[in-house]
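S.K.: Sharing a structure here in structure tokens format.
The values are calculated or read from the model by the stated rules, or taken from the named source; none is laboratory data. In this text the structure is predicted, and so the values were computed from the model without any measurement. Cβ placement follows ideal geometry from the backbone for every residue including glycine, while neighbour counts extend to all protein chains displayed.
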Amino acid sequence: MKEINYLPKNELEIINLYFNAANYLSIGQIYLMDNPLLKEPLKLEHIKPRLLGHWGTSPGLNFIYAHLNRIIKKYDLNALFITGPGHGGPAILANTYIEGTFSEFYPNITQDYAGLKTLFKQFSAPGGVPSHVSPLTPGSIHEGGELGYALSHAYGAALDNPDLTVFCVVGDGEAETGPMAASWHINKFLNPETDGIVVPILHLNGYKINNPTIFARISKEELINLFKGYGYKPYIVEDESVDSAHHKMASVLDKISKEIHKIKTGYKKNMPDAENRPLYPMIILKTPKGWTCPKEIDGLKLEGYWRAHQVPITDFGEKPEHIKILENWMKSYEPEKLFDEQGSLINAIKEFPPKKDKRMSANLCGNGGLLTKDLILPDFSAYAEKVEKPAVKYGKATTTLGYYLRDIVEKNQDNFRIFSPDEHNSNRLNAVFEATDRQWWGDIFDYDDHLAHKGRVIEILSEHTCEGLLEGYLLTGRHGFFSCYEAFIHIIDSMFNQHAKWLKEADEVEWRRPIPSLNYLLTSHVWRQDHNGFSHQDPGFIDHVITKKPKYIRVYLPPDTNTLLVTADECFRSKNRINVIIAGKQEELQWYNMDSAIKTCAKGLGIMDFASNDKGEEPDIVMACAGDVPTLETLAAVSILNELVPEIKIRVINVIDLMTLTPKEEHPDGLSDKEFDTLFTENKPVVFAFHGYPWLIHRLCYRRKNHPTFMYGAIKKKERLPRRSIWR
């Protein structure tokens, strides 16, 4: 690059001061519990007895953050920062402290000597903050502990946020993951007029925990060609000299800021090339791992090597000389030039970041609940199947749901989206396309089906990408829906885990506002794989879901159209939950009129009076069911029993909200023991036909009084299921 001295001297000085302060604060969090400004010689008792945290990625994150602050002020950007290397928690916390947001949210972490000491002590300590970029971190929507999803979260945040620029740091370890490989393609869906801009920053520091990274060990030509092939315009910033790297990074970010402005204004003004997908800029930043730490420790390479990944200098008790090495390292940032006598950052550093909600850690998108608008929902009863008598009329539940979704889309043009891995039509939701199209910025031919540059449906054959986009969309305050084949939702098991953890942690953070719920529709389910067979049969996602904290999860098994409509409405109105709806897409008998569907769904379960003959007396047997096919099979079995042994008193119970089976003390929807016994009796046999694996019902009901009487009709083995009765 030609711009060797791109920055004026005064700008270089202040950005270096900021960089040094962020690095010093990052190291202090990892190492110190006392003597935060090294006003006395460092001693063993000043160092934490257990050292936790990751230094390796932190200086790179601090470098990026400093430069983004510069361009936010210069170009008045509305910017969100997503940290793929979530292990770099010390760096992000350091920057939020410098920006002042951390002290605003946590007033006990004051901007002085005492506050510094508390900031350092609380890091990765009981009652403090974790070492990752967690919900406790201001401005964060992405923890990054599990790698692969940073970019899909970033693009999800950018959707329908036309004035937002999302800077997303992807570590070179994360760049090796499968989900990240698909995420690079999301630029083929972004609409430059109605959506924001995502600027990926691929940070190559060369190493993972103990190994080199692929992207750091291929040629520059191969690297550039790869990302050009993905549809980006890559800029490489590479240097080991801090001052030289500052000049290069500033130059590149100025160019990128101007390109972003050109892209946005071009599409707003409908310039001649506005129909073509722009080449979105990205940065490939190559700096040493653990940049600015000691070059060696005990004769072994440290800076620029995997040994700097976590805690670079250890064993202070056994090797007292390491204490002096740490002290010299920390003093190399000249803390006396960064902090005043009271331990406050000097004014030059305080004034460097943007102000108020222009700070990345104060961006409202980082606390999406503040931006949430309730959906305008149509009256679901307007779509009701007219059921005058149960088990006479046929209907298609998900087809009807498609009309309901169509009108939600129509009424919510900028805060509701549908995501699917190429299964939207297969799941019979076609009616949505009466109101919208699939958003798409690849080539479009005149014979394509509902592909357009604007649309509320995004389909990409990557469950990871759909999930990541939806999560990013929800975390920034909007609403969404994910339809998928039941067997293949397992692909995102771990992403579901992480989102459930985020909801739980965020709910315990006072200043975090609730966000719209994550809603799944799982269809093409295990009992209706007439031609796909064994590969498409697995109902086990339910088992996975119920392991999470009960407050945040719901599992619904509506057996017909009207119960599906009532359930969907409930899910779309909820917040801070993960709702899983499992429903068939085939034509099926209808059991509930709308009034009875509303009443049954309100309780979560109910007696099917038309199929029961106990007439309010104690039954001889309870026939229970959960799921559309199990309901059909149960009622068929009851019909046979009525013919063969008409004297038996049978009670039929249909369970829609699966969590009603749990004790009231454990789940908000759970039944009390008295309510459960009233329905299922205290000692009569219960034959339960269930959509999934039988041990799940055992797990939910094993503490109930009559649990020993339970018998199951369910999937008992992982085997190919022919189209035949559940009672085999």
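S.K.: Would you confirm whether any residue within the range 586-608 is more than 28 Å from S426 (Cα to Cα), crowded, with 18+ Cβ neighbours inside 10 Å and among the aromatic types (F, W, Y)?
M.R.: Looking for residues that are more than 28 Å from S426 (Cα to Cα), crowded, with 18+ Cβ neighbours inside 10 Å and among the aromatic types (F, W, Y), one finds none in the range 586-608, hence no.
S.K.: Can you work out which of the residues in the range 513-556 that are crowded, with 16+ Cβ neighbours inside 10 Å and among the β-branched types (V, I, T) is modelled with the lowest pLDDT?
M.R.: V526
S.K.: Go through (1) farther than 26 Å from V580 by Cβ; (2) modelled with pLDDT under 95; (3) surrounded by 14 or more Cβ atoms within 10 Å (Cβ to Cβ) one by one and return the number of the condition V629 breaks.
M.R.: Of (1) farther than 26 Å from V580 by Cβ; (2) modelled with pLDDT under 95; (3) surrounded by 14 or more Cβ atoms within 10 Å (Cβ to Cβ), only one is false for V629: (1).
S.K.: Only one of these is basic (K, R) and either closer than 25 Å to Y305 by Cβ or part of a loop (DSSP other than H, G, I, E, B) (or both): K264, K258, K248. Name it.
M.R.: Checking each option against the conditions leaves just K248.
S.K.: Hey, another quick one. Any chance you could count how many residues in the range 587-598 are farther than 11 Å from N654 by Cβ and out of contact with any strand residue (DSSP E or B) (no Cβ under 7 Å at 6 or more places or on another chain)?
M.R.: Count: 4.
S.K.: For I283, are the conditions met, namely being crowded, with 21+ Cβ neighbours inside 10 Å, of a type in the set (V, I, T) and in contact with a strand residue (DSSP E or B) (Cβ under 8 Å, 6 or more places away or on another chain)?
M.R.: The answer is yes for I283.
S.K.: Against the condition farther than 17 Å from S574 by Cβ, aliphatic (A, V, I, L, M) and not assigned by TED's automatic domain parsing to the domain that holds G144, how does I542 come out, does it pass?
M.R.: Yes: the conditions hold for I542.
S.K.: Further, regarding this structure: How do the pairs read when you match residues in the range 4-24 that are of a type in the set (V, I, T) with residues anywhere that are buried (at least 16 other Cβ atoms within 10 Å of the Cβ) and part of a loop (DSSP other than H, G, I, E, B), using Cβ under 6 Å and keeping only pairs 6 or more apart or on different chains?
M.R.: I14/F352
S.K.: Here are some conditions: (1) in contact with a Pro (Cβ under 8 Å, 6 or more places away or on another chain); (2) free of Cβ contacts under 8 Å to residues at least 12 places away in the same chain; (3) among the hydroxyl-bearing types (S, T, Y). S462 meets all but one. Which one does it not meet?
M.R.: (2)
S.K.: Could you list all residues from the range 671-696 that are surrounded by 20 or more Cβ atoms within 10 Å (Cβ to Cβ) and touching a helix residue (DSSP H, G or I) at 6+ places or on another chain (Cβ under 7 Å)?
M.R.: Correct list: L671, V686, F688, A689, F690, H691, G692, Y693, L696.
S.K.: Another question about this same structure. Pairs needed: first member in the range 692-713, part of a helix (DSSP H, G or I); second member anywhere, aliphatic (A, V, I, L, M) and at pLDDT 90 or above; C-beta distance under 6 Å; at least 6 residues apart or different chains.
M.R.: Here the result reads L700/L661; C701/L661; T709/V686, each pair linking the range 692-713 to a residue that is aliphatic (A, V, I, L, M) and at pLDDT 90 or above.
S.K.: Can you find even one residue in the range 186-199 that is within 15 Å of the chain's Cα centre (by Cα) and part of a loop (DSSP other than H, G, I, E, B)?
M.R.: no
S.K.: Right, something else. Taking K331 as the residue in question, decide whether it is assigned by TED's automatic domain parsing to the domain that holds R50, charged (D, E, K, R) and surrounded by fewer than 21 Cβ atoms within 10 Å (Cβ to Cβ).
M.R.: Judged against the criteria, K331 is a match.
S.K.: Could I ask something else about it? Could you pull out the residue among G28, G84 that is in the same structural domain as P200 (by TED's automatic domain parsing) and over 29 Å from E341 (Cα atoms)?
M.R.: That would be G84, the only listed residue that is in the same structural domain as P200 (by TED's automatic domain parsing) and over 29 Å from E341 (Cα atoms).
S.K.: A follow-up question, please. In the set D628, D669, which member is farther than 15 Å from V687 by Cα and in contact with a His (Cβ under 9 Å, 6 or more places away or on another chain)?
M.R.: Being farther than 15 Å from V687 by Cα and in contact with a His (Cβ under 9 Å, 6 or more places away or on another chain) holds for just one of D628, D669, which is D628.
S.K.: Among the residues that make up the range 365-381, is at least one of them assigned to a loop (DSSP other than H, G, I, E, B) and buried (at least 20 other Cβ atoms within 10 Å of the Cβ)?
M.R.: No, every residue in the range 365-381 fails to be assigned to a loop (DSSP other than H, G, I, E, B) and buried (at least 20 other Cβ atoms within 10 Å of the Cβ).
S.K.: Moving on to the next point. With the checklist (1) in a helix (DSSP H, G or I); (2) within 24 Å of P294 (Cβ to Cβ) in hand, flag the one item L52 doesn't pass.
M.R.: (1)
Residues are listed down the side, and each one gets a yes or a no for (1) of a type in the set (A, V, I, L, M, F, W, C); (2) under 20 Å from H309 (Cβ atoms); (3) in contact with a Gly (Cβ under 9 Å, 6 or more places away or on another chain):
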residue: V170; (1), (2), (3): yes, yes, yes
residue: V199; (1), (2), (3): yes, no, no
residue: L204; (1), (2), (3): yes, yes, yes
residue: Y207; (1), (2), (3): no, yes, yes
residue: P212; (1), (2), (3): no, yes, yes
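S.K.: For the range 149-163, name all the residues that are more than 11 Å from the chain's Cα centre (by Cα), outside any helix (DSSP H, G or I) and not aliphatic (A, V, I, L, M).
M.R.: Within the range 149-163, D160, N161, P162, D163 qualify.
S.K.: Here are the criteria: (1) crowded, with 17+ Cβ neighbours inside 10 Å; (2) over 20 Å from S332 (Cβ atoms); (3) at pLDDT 95 or above. Tell me which single one I30 does not satisfy.
M.R.: (2)
S.K.: Show me the helices (runs of 4 or more DSSP H) entirely contained within the range 62-148 in which 3 or more residues are closer than 27 Å to L202 by Cβ.
M.R.: 89-99
S.K.: Would you pick out the residues in the range 209-243 that are within 25 Å of G88 (Cβ to Cβ) and of a type in the set (S, T, N, Q)?
M.R.: N210, N211, T213, S241
S.K.: Ok, one more. Here is a list: A175, A181. Which entry is surrounded by 21 or more Cβ atoms within 10 Å (Cβ to Cβ) and closer than 17 Å to G84 by Cα?
M.R.: Sole residue among the options that is surrounded by 21 or more Cβ atoms within 10 Å (Cβ to Cβ) and closer than 17 Å to G84 by Cα: A175.
This table checks each residue for (1) under 16 Å from E459 (Cβ atoms); (2) free of Cβ contacts under 8 Å to residues at least 12 places away in the same chain.
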{"residue": "Y404", "(1), (2)": "no, no"}
{"residue": "E410", "(1), (2)": "no, no"}
{"residue": "Q413", "(1), (2)": "no, no"}
{"residue": "I418", "(1), (2)": "yes, no"}
{"residue": "E423", "(1), (2)": "yes, no"}
{"residue": "R428", "(1), (2)": "yes, no"}
{"residue": "T436", "(1), (2)": "yes, no"}
{"residue": "Q439", "(1), (2)": "yes, no"}
{"residue": "I444", "(1), (2)": "yes, yes"}
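S.K.: Where the second residue is surrounded by 19 or more Cβ atoms within 10 Å (Cβ to Cβ) and among the hydroxyl-bearing types (S, T, Y) and the first is free of Cβ contacts under 8 Å to residues at least 60 places away in the same chain and lies in the range 605-628, which pairs have Cβ atoms under 7 Å and are six or more apart or on separate chains?
M.R.: Filtered contacts from the range 605-628: G606/T600.
S.K.: Quick check on the range 559-569. Is at least one of its residues out of contact with any helix residue (DSSP H, G or I) (no Cβ under 7 Å at 6 or more places or on another chain) and surrounded by fewer than 23 Cβ atoms within 10 Å (Cβ to Cβ)?
M.R.: Taking every residue of the range 559-569 in turn, none turns out to be out of contact with any helix residue (DSSP H, G or I) (no Cβ under 7 Å at 6 or more places or on another chain) and surrounded by fewer than 23 Cβ atoms within 10 Å (Cβ to Cβ).
S.K.: Pairs, please: C-beta under 8 Å, at least 6 apart or cross-chain, first residue under 19 Å from T634 (Cβ atoms) and in the range 583-600, second buried (at least 20 other Cβ atoms within 10 Å of the Cβ) and among the aromatic types (F, W, Y)?
M.R.: Cβ pairs passing all conditions: G584/W527; T600/Y592.
S.K.: Right, here's the next one. If the Cβ limit is 6 Å and pairs must be 6+ apart or interchain, which residue in the range 107-127 that is in contact (Cβ under 8 Å) with a residue 40 or more places away in the chain pairs with which residue that is in a loop (DSSP other than H, G, I, E, B) and surrounded by fewer than 20 Cβ atoms within 10 Å (Cβ to Cβ)?
M.R.: Q111/S344; D112/Q342; D112/G343; D112/S344; Y113/G343; L116/G343; K121/M33; S124/L52
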